[in-house]
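The values are calculated or read from the model by the stated rules, or taken from the named source; none is laboratory data. Note that the structure is predicted; figures quoted are calculated from it, not measured. Please note: Cβ atoms are built from the backbone with ideal geometry, for glycine as well, and neighbour counts cover all protein chains shown. For the accessible areas, the whole protein counts, side chains as well, though only heavy atoms, and no ligand, DNA or RNA atoms are used. Shrake-Rupley method; radii C 1.70, N 1.55, O 1.52, S 1.80 Å.
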Amino acid sequence: MTRHLTMDEADTRRRLDDMVQGTLGTPFDRPDGPLKVTGTAPYAAEWQSADLCHGVLVRAPVTKGRLKAISDEAVKALPGVLAVVSGEKMLRNPAQGMANEAPVQGSEDIVYFGQPVALVVAETFEQARHGAQALKLEIERDEDFAIDPNAVEPEVPEDKQSSTGDLDTAMRDAAHSIDAVYTTPAHSSASMEPHASIAEWDGDSLTLHGSYQMLKFNRNELADSLGIDPKNVRILSPYVGGGFGSKLGIAPEAIAAALAAKELGRPVSVSMTRQQVFETTMRRSETRQRIRLAAGADGKLTGIGHEALVSSLFDEGFTEPVTQATPFLYRGENRVIGNSVARLNRTCAGSVRAPGEAVGVTAFENAMDELAEKVGIDPVELRRINIPDEVPSQNIRFSSHKLAEALDEGAKAFGWDKRNAKPGAVRDGEWQIGMGMSSAFRVNLLIESEARVTLKADGTAEVETDMTDIGTGTYAVLTQIAAEMLGLPPENVTVRLGDTEYPPASGSGGSFGAASSGTSVFLACEEIRERIADAVGCTETDLTLKDGMAIAGNRSTPLTKVLDGQNFEAKGHVKPGEAQKKVRQATYGAYFAEVAVNSVTGETRVRRMTGAFAAGRILNAKTARSQCIGGMVWGIGMALTEDLVHDPRYGQIVNHDLAEYHVAVNADVPQIDVILLDERDDWANPLQAKGLGELGICGAAAAVTNAIYNATGVRVRDYPATLDKVLAGNT
């Protein structure tokens, strides 16, 4: 039995508020935690298989050209080498998120430095690596390539442009205005676990152990790349060591492993090196953003302009949606919003945590800080007075809107009232002290998702879905939803994830995973509750389930007795509907940061940071807090150090490992306080929950750079705010 839901209207029942088990929303520990910390959770490269051999990717050493031939005779003669695989089915780059089909394929045409062109397979990894290093490629170089996004004529997609009113007139007539350009560099996901796949064939059927985020799409992408029926593909990803968007689509190592395994009739393991991950998987595009703000004397916005230039490979549909949130951020009737894209011979651009808002909201919040100073108004108050009643120019109301509360609660907890508004006024020895803030915004989505729940005769439950847990806490959250709905202690619920043999889920990405897959579990449990209610002779709404007991009227019956030796099984299936068109769904927050900037060296240290966030019902207080902290840590890295550097001559990535690509580490991160606001959004889904995994990064960097300005009087509009940029302006 399957319970279906298409989300066309608000679900005002709030059934979870009626449940009494008391598990949902608590800081429940991750069931998978002990396995991970003891090293017994098998990641993609750790699966054991008899007769396993190893492959190492060979990549193009030129920016652009044509692969004419591969001289592999000498390599095949090396000890242990089994095969050299190349050809038309090799992937040029990973598939974009939710592509559901093969990306561009073929080894012949080279369009970026580091593009995979072959795979050397050997008995051991070391032998395969030796063979890959020795393989000779005959390449016809093409020196006509594009590297600099500012040196090419960009594409201006019509569907990425919008205009309302007359912004030029609003700017001319404004009492106060901002017209500034902000830049952000390219970023890497830099997940802890590198991309890895083990492929094994059984006749025409392929099993792939991979590190992937969205299995129902990845299955089709893998099958399409190989030219086989998706029914003959099984992907297993029960544990994923981080993704941040880089593992949304099927990647070159998976296809190469599958091709080699088919040719050899043996399982093949292919793991990317850290350098290959940086150069061969997705990067976040660099951005150049022109932001214009027009305001009256009271600070109320009359006009907004947000125009962005990004880059990507040729023939790629995805481009960084920099202005995705701009239409609903603040009031202002006159608007120009647009994105353009430069097609470059660089590593493919794709989704990296919070595509769009991570960089777009950050730059916009810097502009808002500049406007606050011009108006002579507190930055918090400027944002508060510009909160719109409905989506500007669209006449669409908000499903809920908690920005004002986030601003107020965050400011109070942080002690914002103690801030000295005059830049450079506070010192601690040679350290200049400043405070900064910014708002947070992120769109909210619901994606089609399915799950199967089985309430077993022994009073335990099992949840099955091909949803993934990329470190976000899916195992914990789905355990809690099932336990709450079925009235079971959470230790009596087992969640099974990451296997395409299970019902297809939304996957992990876009902050929609927990709410979408969680709703499918909720629906399946509702169906089971109906069957229990029928068995005990009451309506589902009159049924109480708690601690393994079914309570109806004055009778309390053990579930094991109600089940009477049977298993109650049901599936839940949710799809997005008209609700996402009828209202604007989004999540909101506010950041507050205090920094110390050394007046001698220009070094910036973040002393403390507070974030207040509203994302509907909080399903797990611990995992939610962790997601917010993770986003804010990334924001610190964005503000101060992260910069994926491309060689301006040939486009290859210069800092292609964690030694040179500087993410924020423990020494960079201060005490971080997280406030989770109480909220229910009936339009989002029956859980009233919204996405939180990316909200924590959307504007976090701006709070840090705005604090740097308050400390020093230096505006850093070109991220990151490295000490040379701070020193240059701090005279």
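Could you go through the range 698-710 and let me know if any residue there is touching a strand residue (DSSP E or B) at 6+ places or on another chain (Cβ under 8 Å), open to solvent by less than 40 Å² (accessible area, probe 1.4 Å) and part of a loop (DSSP other than H, G, I, E, B). There is at least one residue in the range 698-710 that is touching a strand residue (DSSP E or B) at 6+ places or on another chain (Cβ under 8 Å), open to solvent by less than 40 Å² (accessible area, probe 1.4 Å) and part of a loop (DSSP other than H, G, I, E, B). Filtering Ala404, Ala372 for residues that are of a type in the set (Gly, Ala, Ser) and open to solvent by less than 10 Å² (accessible area, probe 1.4 Å) leaves a single hit, Ala372. Does the range 274-292 contain any residue that is over 27 Å from the mean Cα position of the chain (by Cα) and closer than 18 Å to Val181 by Cα? The answer is yes; a qualifying residue exists.
For the range 372-388, check the following and say yes or no: at least one residue is of a type outside the set (A, V, I, L, M, F, W, C), within 26 Å of Gly510 (Cα to Cα) and touching a strand residue (DSSP E or B) at 6+ places or on another chain (Cβ under 6 Å). Yes: the range 372-388 contains one or more residues that are of a type outside the set (A, V, I, L, M, F, W, C), within 26 Å of Gly510 (Cα to Cα) and touching a strand residue (DSSP E or B) at 6+ places or on another chain (Cβ under 6 Å).
If I filter the range 175-182 for residues that are aliphatic (A, V, I, L, M), open to solvent by 50 Å² or more (accessible area, probe 1.4 Å), part of a loop (DSSP other than H, G, I, E, B) and over 21 Å from Val268 (Cβ atoms), do I get at least one hit? Among the residues of the range 175-182, at least one is aliphatic (A, V, I, L, M), open to solvent by 50 Å² or more (accessible area, probe 1.4 Å), part of a loop (DSSP other than H, G, I, E, B) and over 21 Å from Val268 (Cβ atoms), which makes the answer yes.
Residues in the range 1-44 that are of a type in the set (Asp, Glu), part of a loop (DSSP other than H, G, I, E, B) and open to solvent by 70 Å² or more (accessible area, probe 1.4 Å): Glu9, Asp29. Trp47 fulfils the conditions (1) open to solvent by less than 20 Å² (accessible area, probe 1.4 Å); (2) under 31 Å from the mean Cα position of the chain (by Cα); (3) closer than 23 Å to Thr273 by Cβ except for a single criterion, (1). Do we have any residue at all in the range 166-186 that's closer than 30 Å to Val117 by Cβ, under 31 Å from the mean Cα position of the chain (by Cα) and not polar (S, T, N, Q)? Taking every residue of the range 166-186 in turn, at least one turns out to be closer than 30 Å to Val117 by Cβ, under 31 Å from the mean Cα position of the chain (by Cα) and not polar (S, T, N, Q). Only one entry in Glu138, Glu143 is in contact (Cβ under 8 Å) with a residue 12 or more places away in the chain, over 22 Å from Gly55 (Cβ atoms) and acidic (Asp, Glu), namely Glu143.
Per-residue answers, yes or no, for (1) open to solvent by less than 40 Å² (accessible area, probe 1.4 Å); (2) among the hydrophobic types (A, V, I, L, M, F, W, C); (3) at pLDDT 95 or above:
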{"site": "Ser197", "(1), (2), (3)": "yes, no, yes"}
{"site": "Leu208", "(1), (2), (3)": "yes, yes, yes"}
{"site": "Asn232", "(1), (2), (3)": "no, no, yes"}
{"site": "Gly242", "(1), (2), (3)": "yes, no, yes"}
{"site": "Gly245", "(1), (2), (3)": "yes, no, yes"}
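Any chance you could count how many residues in the range 88-129 are in contact (Cβ under 8 Å) with a residue 24 or more places away in the chain, farther than 19 Å from Val62 by Cβ and out of contact with any strand residue (DSSP E or B) (no Cβ under 8 Å at 6 or more places or on another chain)? The number of residues fulfilling the criteria is 8. Return the total of residues in the range 680-690 being open to solvent by less than 10 Å² (accessible area, probe 1.4 Å), assigned to a loop (DSSP other than H, G, I, E, B) and in contact with a Gly (Cβ under 7 Å, 6 or more places away or on another chain). So the answer is 4. Restricting attention to the range 538-568 and to residues that are of a type in the set (Lys, Arg) and open to solvent by 90 Å² or more (accessible area, probe 1.4 Å), the residue that is modelled with the highest pLDDT turns out to be Lys561. Candidates Glu279, Glu307, Glu333: the one that is modelled with pLDDT of 95 or more, within 30 Å of Trp201 (Cβ to Cβ) and of a type in the set (Asp, Glu) is Glu279. Those strands (runs of 3 or more DSSP E) of the range 416-497 in which 2 or more residues are modelled with pLDDT of 95 or more, open to solvent by 10 Å² or more (accessible area, probe 1.4 Å) and in contact with a Phe, Trp or Tyr (Cβ under 9 Å, 6 or more places away or on another chain) occupy 431-443, 449-455, 493-496. Tell me whether the range 596-606 contains one or more residues that are under 20 Å from Glu365 (Cα atoms), within 30 Å of the chain's Cα centre (by Cα) and modelled with pLDDT of 95 or more. Among the residues of the range 596-606, at least one is under 20 Å from Glu365 (Cα atoms), within 30 Å of the chain's Cα centre (by Cα) and modelled with pLDDT of 95 or more, which makes the answer yes. Evaluating Phe328 against the criteria (1) closer than 27 Å to Gly589 by Cβ; (2) modelled with pLDDT under 95 leaves one unmet condition, (2). Restricting to the range 604-620, what's the tally of residues that are open to solvent by 10 Å² or more (accessible area, probe 1.4 Å), touching a Pro at 6+ places or on another chain (Cβ under 8 Å) and among the aliphatic types (A, V, I, L, M)? Total satisfying the criteria: 1. Screening the range 340-355 for residues that are out of contact with any Phe, Trp or Tyr (no Cβ under 8 Å at 6 or more places or on another chain) and surrounded by fewer than 24 Cβ atoms within 10 Å (Cβ to Cβ) and picking the one that is farthest from Lys64 (Cα to Cα) gives Ser340. Each residue in the range 633-668 was checked for being buried (at least 16 other Cβ atoms within 10 Å of the Cβ), free of Cβ contacts under 8 Å to residues at least 60 places away in the same chain and of a type in the set (A, V, I, L, M), and 2 pass.
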